[in-house]
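Q: One structure, pasted below without further comment.
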Amino acid sequence: MSTQTLAPVEKVVTVGVPPERAFEVFTRQLGAWWPVDKFSIADPPDAIVFEEREGGEVYETKDDARHHWAWVRAWDPPRRFALEWKVNPETAGPTDVEVSFEAHLDGTRVTLVHTGWEKLGGEAAEGRAGYDGGWVLVLGRYEDHFSA
C-alpha cells in the first residue's frame, strides 16, 4: 500500500519590523493577534501560551483547563522555530509547522511551512485544504497587528 505525499502548505508575509520583533510578536504575543474568534479550542481562551524553548508546549487556557496545540521541536530565535502541531486530539497524528524570519528590505519576511499531511491518514487531503486557507487568515491577522 502506498501513501500519497501531499505538497506542503507554504505561506509568506512581510512585516515592517526587524526579525527580532517579528519573532517576539509571533511567539510571546501570540494571544494579542491570533484569530481566536475563528481558531481556538476554548471559545475564547483566557490565554495562549508559547513556552519559548525546545520541548516547550503551545497551548491555550480557559479557567482551570489547558488545551494543547503543539510541542516546540526547534527553537532558534530570532531565525526560526518548529512545532509538532496537533490541535485536535482526535486526529491521527501531528503535523509539522516551521516558521522562519529573515531580514528583507525594511522589514522581515516570515515564511510558514506546514508539512506531514500523510500522518493524518484518510483525513490528509481535507486537513491540508483546511490549513491552506486557515493560515491565510492567521497570517493576515499577524500582518494586521503591526499596522494597528
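Q: Kindly list the number of the only condition in (1) in contact with a Ser or Thr (Cβ under 9 Å, 6 or more places away or on another chain); (2) within 21 Å of Lys86 (Cα to Cα) that fails for Pro44.
A: (1)
Q: Can you tell me which of Val87, Val113 is β-branched (Val, Ile, Thr) and free of Cβ contacts under 8 Å to residues at least 60 places away in the same chain?
A: Details: Val113 fails: free of Cβ contacts under 8 Å to residues at least 60 places away in the same chain.
Being β-branched (Val, Ile, Thr) and free of Cβ contacts under 8 Å to residues at least 60 places away in the same chain holds for just one of Val87, Val113, which is Val87.
Q: Of Trp71, Trp75, which residue is more than 25 Å from Asp132 (Cβ to Cβ) and free of Cβ contacts under 8 Å to residues at least 60 places away in the same chain?
A: The unique qualifying residue is Trp75.
Every number here is computed from the coordinates shown, using simple stated rules; none is lab data. Note that this is a predicted model, so its numbers are computed, not measured. Reconstructed Cβ throughout: ideal geometry from the backbone, glycine too, with neighbour counts over all protein chains shown.
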